[in-house]
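The values are calculated or read from the model by the stated rules, or taken from the named source; none is laboratory data. Note that the structure is a prediction, hence the values are computed from the model and not measured. Using ideal geometry, Cβ is built from the backbone for each residue, glycine included, and neighbour counts are taken over all protein chains shown. With ligands, DNA and RNA removed, areas are computed over all heavy atoms of the protein, side chains included. Shrake-Rupley method; radii C 1.70, N 1.55, O 1.52, S 1.80 Å.
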Amino acid sequence: MDDDLITERRSVACPQVFGYLRHVTGGPTRHAALVGCLTEYCRQHELTPCGVFTDCEATVAVRSPAFVGLLDALDLPDTDLMQDRG
């Protein structure tokens, strides 16, 4: 992967990012560090972080509140899923 910024390779208006974490081990400090990493990634790539949905259960649940919340956010009228058309 090259170091070009995502917004330099694609015409993207208001690039927004929603994050999803499965945070099973560690406490609030670890969670804050993970969210900080996502926020820094967004800053480096000219993206706007809009929220992070977090599951804390060890089992994977497709209908978990955090995952459903992420899907609901992606279903908002102004949300455009970026697809690779190349």
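Which ones in the stretch 50-62 are at pLDDT 80 or above and farther than 15 Å from residue 31 by Cβ?
Narrowing the stretch 50-62 to residues at pLDDT 80 or above: 50-56.
Of everything in the stretch 50-62, just one residue is at pLDDT 80 or above and farther than 15 Å from residue 31 by Cβ, namely 50.
From the list 71, 47, which residue is open to solvent by 60 Å² or more (accessible area, probe 1.4 Å), under 12 Å from the mean Cα position of the chain (by Cα) and at pLDDT below 90? Outline the logic, then answer.
Values: 47 fails: open to solvent by 60 Å² or more (accessible area, probe 1.4 Å).
Exactly one residue qualifies, and that residue is 71.
For residue 6, all conditions in the list (1) open to solvent by 90 Å² or more (accessible area, probe 1.4 Å); (2) touching a Pro at 6+ places or on another chain (Cβ under 9 Å); (3) modelled with pLDDT under 85 hold save one; what is the number of the exception?
Only one criterion is unmet by residue 6, namely (1).
Among all residue pairs at least 6 apart or on different chains, which show Cβ distances below 6 Å where the first residue, located in the stretch 15-34, is open to solvent by 60 Å² or more (accessible area, probe 1.4 Å) and the second is outside any strand (DSSP E or B)?
Sorted first by the residue in the stretch 15-34, then by its partner, the pairs are 20/70; 24/58.
Kindly evaluate residue 66 against the criterion of being touching a strand residue (DSSP E or B) at 6+ places or on another chain (Cβ under 7 Å), at pLDDT 80 or above, surrounded by 14 or more Cβ atoms within 10 Å (Cβ to Cβ) and more than 12 Å from residue 16 (Cβ to Cβ).
Numbers: touching a strand residue (DSSP E or B) at 6+ places or on another chain (Cβ under 7 Å): yes; at pLDDT 80 or above: yes; surrounded by 14 or more Cβ atoms within 10 Å (Cβ to Cβ): yes; more than 12 Å from residue 16 (Cβ to Cβ): yes.
Yes, satisfied.
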